[in-house]
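Here the structure is laid out as structure tokens; the discussion comes afterwards.
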Amino acid sequence: MNPNRIRLIKDGEKKSGPVIYWMSRDQRVNDNWALIFAHELAIKNSQPLIVVFNLVENFLGATIRQYGFMLKGLQEVEENLVRLNINFVFLIGEPDKTIPKFIKETEAGFLVTDFDPLKIKRDWKEKVKSKIKIPFYEVDAHNIVPCFYVSKKEEYGAYTIRPKIHKALPEFLDEFPKLKVMKNSLPKLNAKIDWIGLLKNLKIDFSVKEVEWIAPGESAAAEAFNNFLSKKIFKYDIERNDPTKSFQSNLSPYLHFGHLSAQRIALALEQFEIPHNVKESFLEELIVRRELADNFCYYNSNYDSFDGFQGWAKKTLNEHRKDVREFVYSLEEFENANTHEDLWNAAQNELIKTGKLHGYMRMYWAKKILEWSESPEEALRIAIYLNDKYELDGRDPNGYTGCAWAIGGVHDRAWKERPVFGKIRYMNRNGCKRKFDIDFYIRKFQ
């Protein structure tokens with residue numbers, strides 16, 4: 001595999017022992033560069049391979065909606081690994097305690113993990129790194145062009161990262177090798193996982209219910225993608241921004257949890273006969289916009305705060321701090337869809353009921369939170385809180401970047417100056433009305 005997907009984040013003692021793949025962001029067996037690398041490392045050193053998933057309860061406010069989807073997907077991971085004669089071990093607790101302890105117990109020789117730009121994941125890795133003595137590798141199995149390869153700085157916008165990605169795509173858009181059944185294995189390392197009991201005993205928020213319109217796991221992800229290809233993609237570029245029509249791919253939850261590889265999608269599209277403009281429109285979202293979000297969160301540690309905005313945006317928002325707001329709502333009023341505007345309330349209801357907010361409405365939803373909050377800091381806090389609590393794909397670089405775009409002009413430019421917004425891009429009800437049938441949308445989610 002391409003060595004530029006891999007980086008050694010800690011050198012260490014070269015010793016005989018199992019290879020451990022600490023699976024985190026990319027929760028799949030197929031098309032997973034991190035697992036492929038760990039698999040190759042194990043075969044090269046004639047050692048067993050162990051895949052470990054470490055569950056952290058109360059992870060950034062996640063609820064049963066997100067935990068349930070994740071754990072059901074991990075059941076399929078376990079089943080697929082068994083077929084390859086690879087042990088799957090489930091740990092619960094803080095990774096800086098559980099991972100080093102497991103390494104010591106198994107006398108492991110190597111540790112491999114997948115890349116994630118979020119601060120909390122990077123902090124986990126730093127703490128683990130300080131407590132182990134074996135080589136520790138990180139593999140970007142999420143992006144087609146690895147985040148730490150495509151750029152060494154925070155990019156200003158899509159137009160600056162796009163040429164860098166397009167230039168590197170021929171090098172990285174290659175086919176995945178098939179995993180072979182492992183010859184070396186270990187006795188079963190832990191008791192059979194009681195997935196139902198595990199789910200029931202989690203110390204998390206159970207008030208936000210799981211959703212039924214989407215099934216978790218690799219098989220369901222592949223089926224959803226094939227359904228999108230056969231039924232929706234031909235109208236994607238012209239219909240995807242209409243919230244009353246179902247022409248979005250709905251693949252975001254699968255990409256977020258790593259049930260589906262973006263690279264597999266891109267490879268499939270290369271072989272699929274669709275108009276060039278449709279393919280370009282979809283690949284722009286799949287590759288450029290997703291990898292731009294990773295770039296923002298990786299190189300800007302303030303991706304979830306006002307301090308992460310560009311200088312021009314902070315300046316214009318500061319200049320309009322004391323502007324009179326016609327309406328100011330509390331978090332509770334926003335969360336309960338209790339504002340004066342039926343269109344915004346419908347969007348919040350869509351989020352609560354389905355765990356998904358249509359991309360166009362998510363922009364409008366966040367813009368109005370800025371307009372109706374007492375400060376941009378409070379607006380960003382509320383938007384992130386609601387997004388992460390109800391969105392199936394919450395706590396994702398795309399979510400943090402989307403909120404920062406809507407409220408702080410990240411990856412955008414200055415627009416006409418207005419009250420409250422300053423030069424941040426403005427959206428209003430009339431714009432939505434020109435775009436789609438807002439009455440139909442309101443009736444659907446009132």
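For residue 104, a cut-off of 19 angstrom between C-alpha atoms picks up these aspartates and glutamates, skipping any fewer than 8 places away in its own chain: 11, 13, 94, 96, 126. Please identify which residues in segment 14-56 have an amide N closer than 11 Å to a label point set 7 Å out from the Cα of residue 92, following the Cα→Cβ vector. Correct set: 55-56.
Working value for segment 218-354: equivalent-ellipsoid semi-axes of 34, 21, 15 Å, each the square root of 5 times a Cα gyration tensor eigenvalue, largest first.
Hydrodynamic estimate: the Kirkwood radius of segment 1-107 over Cα pairs, inserted into Stokes-Einstein at 4 °C and 1.567 mPa s, corresponds to D of 86 µm²/s. Computed from label points 7 Å out along Cα-Cβ, the spacing between residue 244 and residue 56 is 4.4 nm.
A simple count of charges around residue 173, restricted to other residues whose Cβ falls under 13 Å of its Cβ and scoring Lys, Arg +1 and Asp, Glu -1, yields -3. How many angstrom lie between the Cα centre of segment 56-119 and the Cα centre of segment 302-363? Centre-to-centre (Cα) distance: 34 Å.
Kirkwood-type hydrodynamic radius, segment 320-390: 12.1 Å, calculated from all non-identical alpha-carbon pairs. A helix-only calculation puts the chain at -14000 deg cm²/dmol for mean residue ellipticity at 222 nm, using -39500 (n - 2.57) for each DSSP H run of at least four residues, averaged over all residues. Descending by average beta-carbon neighbour count within 10 Å, the peptides 43-54, 158-169 line up as 43-54, 158-169, the highest first. Comparing 75, 310, 271 in a Gaussian network model of the chain (Cα springs below 10 Å), the most mobile by mean-square fluctuation is 271. Other residues whose C-beta falls under 15 angstrom from the C-beta of residue 415 contribute a net charge of +3, scoring Lys and Arg +1 and Asp and Glu -1. Hydrodynamic radius of segment 310-446 by the Kirkwood approach over all distinct alpha-carbon pairs: 15.0 Å.
What is the chain's relative contact order, in percent, from Cα pairs under 8 angstrom and six or more apart in sequence? Relative contact order of the chain: 19 percent.
For the residue pairs 14/164; 178/389; 152/314; 245/368; 164/389; 119/180, the C-alpha atoms sit more than 27 angstrom apart in 14/164; 178/389; 164/389; 119/180. Each residue, residue 443 and residue 284, gets one label point 7 Å from its Cα in the Cβ direction; the gap between the two is 3.3 nm. Computed over protein heavy atoms with a 1.4 angstrom probe, the accessible surface ordering of 256, 276, largest first, is 276, 256.
As a rough guide to protection, the peptides 281-288, 64-71 ranked by mean Cβ packing within 10 Å, highest first, stand as 64-71, 281-288.
Taking each residue as 0.36 nm, the span from residue 323 to residue 181 lengthens on full extension beyond its C-alpha to C-alpha distance by 44.7 nm.
The values are calculated or read from the model by the stated rules, or taken from the named source; none is laboratory data. From a predicted model like this one, the values you see are computed outputs, not experimental measurements. Cβ sites come from the backbone with ideal geometry, for glycine too, and all protein chains shown count toward neighbours. Protein only, heavy atoms only, side chains kept; ligands, DNA and RNA dropped before computing areas. Shrake-Rupley method; radii C 1.70, N 1.55, O 1.52, S 1.80 Å.
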